[in-house]
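J.: Below you'll find the structure I mean.
Where a number appears in this text, it was derived from the coordinates with a stated rule and is not lab data. These numbers come from a predicted model, not from an experiment. Heads up, the Cβs are rebuilt from the backbone with ideal geometry, glycines too, and the neighbour counts pull from every protein chain shown.
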Amino acid sequence: MLTAAAVLAVLNCALPAVAAFPVAAAVAVRGGWLAVREGRRPPLGLELAPGRAEVDGARVAAVAVEWRGPLAFLRWRDAAGRVHRRTWWPDVLRPRDRRRLRLAAGNESASPVVASVAP
């Protein structure tokens, strides 16, 4: 979906047609390649519990789950010290699993940090 929007954006911009069509083709090829690569990625096995985290059955350190709007961001460090990241829409999870992920992510306030009304 994003690839199609990017191709349309390139074709509707102020670039001359001589430059817009090759750029749009490159965007389509790159977007298709990324879609195939992500589609082939195996599902991630994630187990979060207080004081313990496992990714694909291996214990990991420095796990962080952050929420930015509707997106969930997962970051962890494996045994070799490499940092891994995943981003996803949590609506692909069952409601029960989504709630467990929010609870495991840590303390979040129910209200925003900034007051929503004037003092």
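J.: Percent relative contact order of the range 1-92, based on C-alpha pairs within less than 8 angstrom and at least six residues apart? It would help to have the intermediate numbers written out before the result.
T.: On the way: 97 pairs, mean separation 13.0, N = 92.
Computed value for the range 1-92: 14 percent relative contact order.
J.: Given R₀ = 25 Å, what would the calculated FRET efficiency be for ARG98 paired with ALA58, taking r from the Cβ atoms and rounding to 0.05?
T.: Numbers: r = 24 Å, r/R0 = 0.95.
Approximately 0.60, to the nearest 0.05.
J.: Once every DSSP H run of n ≥ 4 in the chain is given -39500 (n - 2.57) and the sum is divided by its residues, what mean residue ellipticity at 222 nm do you get, rounded to the nearest 500 deg cm²/dmol?
T.: Values: 3 runs with 45 residues, N = 119.
Theoretical 222 nm ellipticity from helices: -12500 deg cm²/dmol.
J.: Among PRO16, LEU48, LEU93, whose Cα sits farthest toward the positive end of the charge dipole of the chain (+1 at Cβ of Lys/Arg, -1 at Cβ of Asp/Glu, about the Cα centre)?
T.: It is LEU48.
J.: Mean Kyte-Doolittle hydropathy of 0.5 or higher plus an axial Cα length of 24 Å or more: which whole DSSP H helices in the chain meet both?
T.: Numbers: long enough: 17-40 (34 Å, 0.89).
Qualifying helices: 17-40.
J.: Out of these labelled values of Rg and Dmax of the Cα atoms in Å, (1) 16.1, 50; (2) 18.8, 73; (3) 19.9, 58, which was calculated from the coordinates shown here?
T.: Label of the calculated value: (3).
J.: GLU54: net charge of surrounding residues, Cβ under 12 Å, Lys/Arg +1, Asp/Glu -1, itself excluded? All intermediate terms of the calculation are to be shown ahead of the outcome.
T.: Numbers: positive: ARG52, ARG59; negative: GLU47, ASP56, ASP78.
The answer is -1.
J.: Under a Cβ-only charge scheme (Lys and Arg +1, Asp and Glu -1), can you give me the dipole magnitude of the chain about the Cα centre, in debye to the nearest 20?
T.: On the way: 18 positive and 9 negative charges, 52 e Å.
Magnitude of the dipole: close to 240 debye.
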